[in-house]
Amino acid sequence: MKRLLITLLAMLAAPAALADADAIKKALSEKLPDVQIRSVSKSPYAGLYEVVVNGFNVFYTDEKAEIGIFNNLVDLRTRKNLIEARAEELMKVDVSLLPLDKAIVKVRGNGARKLYVFSDPDCPFCRQLEKELEGVNNVTMYTFLYPLTSIHPDAMRKAELIWCSGDRAQVYYDLMLGGKEPQGQPTCNTPIKEIIKLAEQLYITGTPGLVFGNGKLVPGGLPRHQIEAQLDAQDKS
């Protein structure tokens with residue numbers, strides 16, 4: 001009888017929690033119409049609800065969606081910022097979703113470590129990243145062409161020319177490392193629009209976007225020593 005009572009209580013409690021989360025999500029959508037709410041869920045902290053917005057941004061609210069706690073929510077025992085820790089935890093990509101046949105592939109050394117890069121041919125930070133990556137060995141790099149045409153109007157043409165070339169990797173690295181721009185107009189079908197759609201679904205909104213073999217997503221470039229550390233860490237995760 002005791003077990004049955006516990007089961008019934010759990011069944012009754014679950015819909016109530018779900019209803020609360022749905023109601024909070026609806027209320028927040030009305031108050032924050034320009035924000036994309038990814039999820040709302042009950043947190044273990046003081047009756048607060050965790051809200052994930054615009055991909056990987058986290059804040060907490062009360063059961064009436066009247067307040068918002070942003071930037072800092074600190075566990076006083078560990079001194080850990082719970083908002084930062086949760087956001088980092090969420091920044092993961094299921095690497096099995098990445099279409100490797102639609103990437104430019106570069107193998108260095110034994111190619112054992114894996115790195116996935118979303119890159120815009122006209123992005124200066126992407127070019128700086130490639131310089132950092134030059135010294136990284138024993139890695140297979142998959143580069144997905146991701147032109148951000150809203151800020152780089154000619155990036156789509158360059159990306160398509162790279163993809164349509166006879167040696168995509170050579171033309172890509174000639175551009176990113178040597179400044180040699182591809183000429184003419186593209187003459188083939190490309191998967192670039194599919195890559196753009198995929199990047200948006202994965203909440204990769206800027207370039208460069210780095211995804212390591214364990215799925216960890218890092219927006220923006222990193223210096224070589226940090227890239228090496230992340231590549232090594234993926235073998236331990």
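The values are calculated or read from the model by the stated rules, or taken from the named source; none is laboratory data. Remember, predicted model here, so these are calculated numbers, not experimental data. Keep in mind that these areas ignore ligands, DNA and RNA; they rest on the heavy atoms of the full protein, side chains included. Shrake-Rupley method; radii C 1.70, N 1.55, O 1.52, S 1.80 Å.
In order along the range 55-66, the Karplus-derived 3J(HN,Hα) couplings, from 6.51 cos²θ - 1.76 cosθ + 1.60 at θ = phi - 60°, round to x, 10, 8, 10, 9, 10, 9, 8, 5, 9, 6, 9 Hz, and Gly and Pro are given as x. Here the range 71-152 carries DSSP beta bridges of which approximately 50% are antiparallel, counting only pairs with both residues inside.
Mind checking which helices in the chain clear 15 Å along their axis (Cα) and have mean Kyte-Doolittle hydropathy of -1.0 or more, DSSP H runs only? Present the calculation step by step, with values, prior to reporting the outcome.
On the way: long enough: 2-31 (43 Å, 0.67); 224-234 (16 Å, -1.21).
Helices meeting the span and hydropathy rule in the chain are 2-31.
Close amide H contacts of residue 113 (hydrogens built in the peptide plane, cut-off under 5 Å, sequence separation of 5 or more or a different chain): 139, 140. With contacts taken as Cα pairs under 8 Å and at least 6 residues apart, the chain reaches a relative contact order of 16 percent.
May I ask what percent, to the nearest 5, of DSSP beta bridges between residues of the chain are antiparallel? So the antiparallel bridges in the chain amount to around 80 percent.
Less than 5 angstrom separates the built amide H of residue 48 from those of 43, all sequence-distant by 5 or more or on a different chain. When all protein chains stay in place and ligands, DNA and RNA are ignored, the 1.4 Å accessible-area order of 225, 152, largest first, is 225, 152. Taken over the range 125-237, the convex hull of the Cα atoms encloses 109 Å³ per residue.
Pairs from the list 31/114; 80/131; 42/92; 114/193 with a Cα-Cα gap above 30 Å: 31/114; 80/131. The translational diffusion coefficient of the range 21-123, from Stokes-Einstein at 25 °C and 0.890 mPa s with a Kirkwood hydrodynamic radius over alpha carbon pairs, comes to 148 µm²/s. Stokes-Einstein, applied to the Kirkwood radius of the range 53-188 over Cα pairs at a viscosity of 0.692 mPa s and 37 °C, places its translational diffusion at 184 µm² s⁻¹.
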